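Reviewing the structure listed below.
The values are calculated or read from the model by the stated rules, or taken from the named source; none is laboratory data. This one's a predicted model, so the numbers in the text were calculated from it and none came from an experiment. Positions of Cβ are generated from backbone atoms using ideal geometry, with glycine treated the same way; all protein chains shown enter the neighbour counts. Note: accessible area is taken over every heavy atom of the protein model, side chains too, but ligands, DNA and RNA are not part of it. Shrake-Rupley method; radii C 1.70, N 1.55, O 1.52, S 1.80 Å.
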Amino acid sequence: MTITDSIKYVGVDDHEIDLFEGQFNVPNGMAYNSYVILDEKIAVMDSVDARFGDEWIKNIKAICADRKPDYLVVQHMEMDHSANIRRFTEEFPNAKIVSSRMAFNLMKSYFGTDFAERQLVVAEGKALELGKHTLQFIGAPQVHWPEVIMTYDSTDKVLFSADAFGKFGANDYDDPEGWACEGRRYYFGIVGKFGVQVQAVLKKVAGLKIEHICSLHGPVLSENLQYYINLYDTWSSYGVESEGIAVGYTSVYGNTKAAVQKFAEILKAKGCKKVAVFDIAREDLHECVEDAFRYGTLVLASTTYNGGVFPAMHNFIENLVERNYQNRTIALIENGSWAPVAAKSMAAMFEGCKNITFAQNKVTIKIAVTDQTIAQLETLADELLH
């Protein structure tokens, strides 16, 4: 893949992986991106996962032909991007490693050495001249690890963005849903907790003229870049991306599910354009999380379980709170055979979240959906839509 005349892709696609970071389902594989900048000096941007060292080195040698890299720029030390640093030093013994001070500290933990004789430490505001190309380094701590740097090539106007603007899926998979679907699940699953830090980096790069965004995962972004930047701005500021209502539920014997299905019908009949309903116990957890962040209103329906919240719902809410869920309206539906308390328990879990407004109307089901239940659902729908 050619990004510009002098910047080439040397990354790899992984179709063997089932769970990224041991938890995210990736049925369409994963890309580990790496790039080569060809100039008077040659810089390689980041390494790849441990299992693909041979392929990566082969790709580098093919691009460099009879030349050898002068630098390996390490933007992020997570192992899917750093595993082959030692391999690189063995293949190219005269090359320098360019990274942040903290990254070199992590290398010592990982490899037993910080490659002291090969180090070129960079930080915010530092630059590296390759010839025609000048690489400018941007500190990006906690996006999403503390050692992260991004790199801006002012010649070809390329932002090497580390894990930011990444998505799930191998690059040889043509995703019919487009970038945003898996980009959103990736963002809220992995980066979502660090909205403040993402906002800080967006401000740093706002004045740069960017024609390509080269992330460490997913496709190179080269068209309509403001679309992607605007999404990252919305996500990282915990804003509302899409008009509609998300409804997440857990159901043991189908009664809570029946109430949710009826509620969705009521919402649509009253003019709600989008109702995103998801079964938290059965659907991909992180797909549910992304829907909760996508819309401005979240309805949670849970069975009372052991005097509290159904376990899958409890885990779901914990995932939202961990990612700084905020600026939302939440409505609650509970079911309980004799002592329904799920709504109270769910509300308590959000106590530390900012700018959460709870709907005044709560729906309580005692086992089965009745006319009284439907009346409660109608009242709640009216509140949420007006």
How many residues, within segment 94-121, are touching a Leu at 6+ places or on another chain (Cβ under 7 Å) and in a loop (DSSP other than H, G, I, E, B)?
1
Can you list the strands (runs of 3 or more DSSP E) lying wholly within segment 306-386 that have 1 or more residues being farther than 17 Å from Thr250 by Cα and of a type in the set (Lys, Arg)?
328-335
Within segment 155-183, how many residues are open to solvent by less than 10 Å² (accessible area, probe 1.4 Å), at negative phi and not in a loop (DSSP other than H, G, I, E, B)?
4
If Tyr305 satisfies all but one of (1) modelled with pLDDT of 95 or more; (2) farther than 22 Å from Lys274 by Cβ; (3) surrounded by 19 or more Cβ atoms within 10 Å (Cβ to Cβ), what's the number of the condition it fails?
(1)
Residues of segment 68-108 being in contact with a helix residue (DSSP H, G or I) (Cβ under 8 Å, 6 or more places away or on another chain) and among the β-branched types (Val, Ile, Thr), in sequence order, are Val74, Ile85, Thr89, Ile97
Cβ pairs under 6 Å, 6+ apart or interchain, first in segment 44-67 and more than 21 Å from Asp153 (Cβ to Cβ), second open to solvent by 10 Å² or more (accessible area, probe 1.4 Å) and in a helix (DSSP H, G or I), ordered by first then second residue, are Asp49/Asp80; Gly53/Arg87; Ile57/Glu91
Quick one: how many residues across segment 70-114 are open to solvent by 40 Å² or more (accessible area, probe 1.4 Å) and among the small types (Gly, Ala, Ser)?
2
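Can you find a residue in segment 246-253 that is farther than 21 Å from Tyr187 by Cα, open to solvent by less than 10 Å² (accessible area, probe 1.4 Å), in a loop (DSSP other than H, G, I, E, B) and touching a residue at least 60 places away in the same chain (Cβ under 8 Å)?
yes
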Qualifying positions in segment 254-279 - over 19 Å from Ala368 (Cβ atoms), outside any strand (DSSP E or B) and open to solvent by less than 10 Å² (accessible area, probe 1.4 Å):
Leu267
Of the residues that make up segment 47-64, is at least one touching a Gly at 6+ places or on another chain (Cβ under 7 Å) and modelled with pLDDT under 95?
no
Condition first: of a type outside the set (A, V, I, L, M, F, W, C), touching a helix residue (DSSP H, G or I) at 6+ places or on another chain (Cβ under 8 Å), in a helix (DSSP H, G or I) and open to solvent by less than 60 Å² (accessible area, probe 1.4 Å). Now tell me which residues in segment 282-302 satisfy that.
His286, Glu290
Only one residue in Thr357, Thr304 is in contact (Cβ under 8 Å) with a residue 12 or more places away in the chain, more than 21 Å from Gln261 (Cα to Cα) and hydroxyl-bearing (Ser, Thr, Tyr). Which one?
Thr357
Quick count over segment 209-244, residues being open to solvent by less than 10 Å² (accessible area, probe 1.4 Å), part of a strand (DSSP E or B) and in contact with a Ser or Thr (Cβ under 6 Å, 6 or more places away or on another chain), is 1
Residue list for segment 40-69, restricted to those being open to solvent by less than 70 Å² (accessible area, probe 1.4 Å), aliphatic (A, V, I, L, M) and farther than 23 Å from Ile190 by Cα:
Ile42, Ala43, Val44, Ile57, Ile60, Ile63
Unmet requirement for Pro146, which otherwise passes all of (1) open to solvent by 10 Å² or more (accessible area, probe 1.4 Å); (2) touching a residue at least 60 places away in the same chain (Cβ under 8 Å); (3) within 27 Å of Glu290 (Cβ to Cβ)
(2)
